[in-house]
Amino acid sequence: MVKYLASPEGKTLAAVIGDPVLHSLSPVIYNAAFEHDQINWVYRAVNVTREDVGSLIEEIRILPVGGLSVTMPHKESVAKLVDEITDHAERLGAVNCVSQNGSSLVGHNTDGEGFLRALEEETGEKVAEKSYLIIGAGGAAKAVSLALGEAGASEVIVTSRDESKSQTAASLAGQAGRAGSLKDSRRVDVVINATPIGMAGTGNLGDSPLSTDDIHESQIIIDLIYHPLETAFLKNARQIGAQAINGIGMLVHQAALQYTIWTNEEAPVKVMQNAVIQKISQ
């Protein structure tokens, strides 16, 4: 009996799983891309509890599912349930994308590469030889740390409320990585907020991890949050003349990478980006 992944007649199903997940913007992003490319797929958000995620993975093995996106709290558990796993996903211990390779399920993690593509697109500059401060040490922070280390960052400093987690995240950047503190904020080229501080719906909307005194105009200030489009942190950055970048680019580019994994087609990135910005702005 199919519990979660019944495909609409005549269409290939792709889905995002999480708990909660019905707020996800992924259906907006992917369905805009499928429509633009005239691909007969449909993408849905499927709420799955921790207890049932194993059953859902077994459904994928017997159903014609085009692809699966994975969000919290299932990224770590799905990494243990797939048959094969890419190097990045293995190093992070987390999967955000599942594809099929014959009878095998393959786990991927596109977050880090999605971040790099967004950063280079929005700044027009290479990632290498710059110094970075990452605020936060969760899954997004670890993916960014790993990606920055591989891309040749000169220094990747991670700070969070948990020193051991900061050290773990920083170690993914290799020799460039170290744990630090918010006091490092003015001495780096790029500051990245990878915490929920300032996110809509969290109770701290309007808060910022740093004040205008903690950053300066020659820096690039990035907030991985995309709702609201401009957080208090980014407003602070704009006030002092720094370049401010929100999380839309990373959201869209990590999704675009998944789209290509599943379809073997280049993703219509601008279409995906416009769709999600329009949705958030409503």
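The simple spin-label model puts a point 7 Å past each Cα toward its Cβ; for residue 214 and residue 154 those points are separated by 2.3 nm. A crude spin-label estimate for the pair residue 36 and residue 229, with each label 7 Å from Cα along the Cβ direction, gives 1.6 nm.
May I ask you to order 103-110, 20-27, 271-278, 198-205 by the average number of other C-beta atoms within 10 Å around their residues, highest value first?
On the way: 103-110: 20.4, 20-27: 16.5, 271-278: 18.0, 198-205: 14.8.
Those peptides, ordered most packed to least, come out 103-110, 271-278, 20-27, 198-205.
Qualifying trypsin sites (Lys or Arg not before Pro) in the range 86-137, where qualification requires a DSSP coil assignment and no more than 14 other C-beta atoms within 10 Å, comprise 126. Shown here for the range 1-102: GluC sites (Glu not before Pro) in loop regions (DSSP other than H, G, I, E, B) with at most 11 other Cβ atoms within 10 Å, namely 9. Only one residue of 251, 81, 135 has its Cα farthest out toward the positive end of the dipole of the chain, where Lys and Arg carry +1 and Asp and Glu -1 on Cβ, and that residue is 135. Put simply, the amide H of residue 105, placed in the peptide plane, has neighbours under 5 Å in 83, 84, leaving out anything fewer than 5 places away on its chain. Starting from the coordinates of the alpha-carbon atoms of the chain, obtain the Kirkwood hydrodynamic radius over all distinct pairs and give the value in Å to one decimal. Computed over Cα pairs of the chain, the Kirkwood hydrodynamic radius comes out at 19.3 Å. Annotation note: GluC sites (Glu not before Pro) in the range 183-278 located in DSSP loop regions with a Cβ neighbour count of at most 13 within 10 Å are 217, 265, 266. Other residues within the sphere of radius under 13 Å centred on the Cβ of residue 205, judged by their own Cβ, net out at -2 (K and R +1, D and E -1). Relative to the 2.2 N^0.38 Å rule of thumb, the range 112-246 has a C-alpha radius of gyration ratio of 0.94. Computed 3J(HN,Hα) for the range 58-67, one whole-Hz value per residue from the Karplus formula 6.51 cos²θ - 1.76 cosθ + 1.60 where θ = phi - 60°, is 5, 4, 4, 5, 10, 10, x, 8, x, x, glycine and proline marked x. Distant-in-sequence amide contacts of residue 153, defined by a placed amide H-H separation under 5 Å and a gap of 5 or more residues or a different chain, comprise 129. Our estimate of slack between residue 91 and residue 274, defined as 0.36 nm per intervening residue step minus the Cα-Cα distance, is 62.6 nm.
Just add up the charged neighbours of residue 91: K/R +1, D/E -1, any other residue whose Cβ is under 14 Å from the Cβ of residue 91. Before the final figure, lay out each step's value.
Working: positive: 75, 142; negative: 76, 87, 90, 111, 113, 150.
Once all neighbours under 14 Å are counted, the net charge is -4.
Taken about its Cα centre, the range 112-246 carries a charge dipole of roughly 260 debye when the Cβ of each Lys and Arg holds +1 and the Cβ of each Asp and Glu holds -1.
Taking the Cα centre of the chain as origin, sum charge times position over the Cβ atoms of Lys and Arg (+1) and Asp and Glu (-1), and report the length of that vector in debye to the nearest 20.
Value, rounded to 20: 400 debye.
Taking the C-alpha atoms only, the angle from helix 111-123 to the longest principal axis of the chain is near 50 degrees. Extending 7 Å from Cα along the Cβ direction at residue 162 and again at residue 189 yields two label points whose distance is 3.1 nm.
Available extension along the chain between residue 77 and residue 181 is 34.4 nm, counting 0.36 nm per residue and deducting the alpha carbon span.
Just so you know, all these numbers are worked out from the coordinates, no wet-lab data involved. This is a predicted model, so every value here is computed, not measured. No Cβ is skipped: glycine too gets one built from the backbone with ideal geometry, and neighbour counts run over all protein chains shown.
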